[in-house]
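The values are calculated or read from the model by the stated rules, or taken from the named source; none is laboratory data. Since this is a predicted model, take the numbers as computed values, not measurements. All Cβ positions, glycine included, derive from the backbone under ideal geometry; neighbour counts span all protein chains shown. These area figures cover heavy atoms from the full protein model, side chains too; ligands, DNA and RNA do not enter into them. Shrake-Rupley method; radii C 1.70, N 1.55, O 1.52, S 1.80 Å.
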Amino acid sequence: MGQVVSKTDFEYKYDDEPHATRRKEILEKYPQMKELFGADPYMKYLVPLIVTFQLVTAYYIAQLPGPIMFFLAWALGGTINHNLSLAMHEISHNLAFGHGSPRMNRFIGFVANIPLGVPSSITFKKYHLEHHRYQGDETLDVDIPTHLEGYLFYNTFTKLIWVILQPLFYTIRPLFVHPKPMENLEILNSVWTVGWNYLIYQIAGPWALAYLIGGTLLGMGLHPMAGHFISEHYTFIKGQETYSYYGPLNYIAWNVGYHNEHHDFPYISWSRLPKVREIAPEYYQMPHYDSWCGVLYKYITAPEIGPYSRVRRGVPKTEAKKVE
């Protein structure tokens, strides 16, 4: 079963999340950083091209033998659908059309959602912006695992299962930690996605739809691209709660690896994030990663790392019980 995780609770802090403070300092020192603000001019064209490529390849790959289709669903379909999920991350910050065109941003988010097969564009935006604003909050930041996850996934084998099931936990965790009423745009997002699923089923067949949805699940589980889920905020080093990744997968991940830079300046688009580090290098001389595969391996095998390896802002359960 592997080594047992040594952590039995989160790391608690009682200060504000660090990025707003650092953003203020950097802007005072480097006011030219504001020139980087705004949408990427090419994203609104790139997303439809990627979606089209994914749908066309799904039609042909669905005609291949099962084992080959399964491998390609992980290697190709999973990579592309993860790319599109990260496009939705950019779009949630209105970085496809800019803040002056919220409806167009929501629409291009719907387009990016098509091959994933699971309606998520609007729901992701609803929770993700709170992750930025309230990083580490025990209720509002649903990116943090629950105590139940920390209790159940406590050794090498169970952490491997947790990594494989990451899409499930990211989907259901908000429903338990911070449930919100469904918005009209979420209903529209669901109708849109189910409608496209039906069209794909009718035109390309059930295996094409299975390839696409399977790619979503496989690409967000035990997959190199999914290393960013863990690399971004898991405390491999005590006290540091956000980490950047500067490896080659940034080229197909909308530079999400520049995660400290992104949290410091969430309104700077993916294509300009490397310039943040170039302008203010002294603020980013901190531990970072060069391999998402290495992050996944260490998370699964290292006994000091597990679901509890996150910073929370709140009162530990042990202290809360004492107060009661």
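See the values below:
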quantity	calculated
Computed lengthening from Y60 to K29, 0.36 nm per intervening residue step minus Cα-Cα distance	5.8 nm
Selection of trypsin sites (Lys or Arg not before Pro), segment 225-324, meeting DSSP coil and at most 15 other Cβ within 10 Å	K238
Under the span-like rule (Cα at least 27 Å along the axis, Kyte-Doolittle mean at least 0.5), DSSP H helices of the chain	184-204
Rounded accessible area of D16 (nearest 10 Å², 1.4 Å probe)	130
Gaussian network model of the chain, springs between alpha carbon atoms under 10 Å - residue of G78, G239, G214 with greatest fluctuation	G239
Cross-link pairs K34/K238; K29/K275; K238/K298; K13/K34 - those with Cα-Cα distance over 24 Å	K34/K238; K13/K34
Beta bridges by DSSP in the chain, antiparallel share as percent, to the nearest 5	25
Stokes-Einstein diffusion coefficient of segment 79-146, Kirkwood radius over Cα pairs, 4 °C, 1.567 mPa s, in µm²/s	104
Segment 36-107 and segment 267-284: distance between their alpha carbon centers, rounded to Å	24
12 Å cut-off, amide nitrogen to a point 7 angstrom out along Y134 Cα→Cβ, residues in segment 146-183	177-180
Sulfur and carbon atoms: percent of accessible area, segment 1-126 [1.4 Å]	65
Segments 64-73, 160-169, 105-114 sorted - mean Cβ within 10 Å per residue, highest first	105-114, 160-169, 64-73
Area accessible to solvent at E149, 1.4 Å probe radius, in Å²	10
For the chain, accessible area per residue (1.4 Å probe, heavy atoms of protein chains only), Å²	47
Projected label distance in nm at T8 and M286, using a 7 Å step from Cα toward the beta-carbon	3.0
Which label in [x] 165; [y] 137; [z] 212 gives the computed volume of the Cα convex hull per residue in Å³	[y]
Peptides ranked, highest mean first, by Cβ atoms within 10 Å: ranges 3-14, 93-104	93-104, 3-14
Share of carbon and sulfur in the accessible heavy-atom surface of segment 220-307 [1.4 Å probe, %]	62
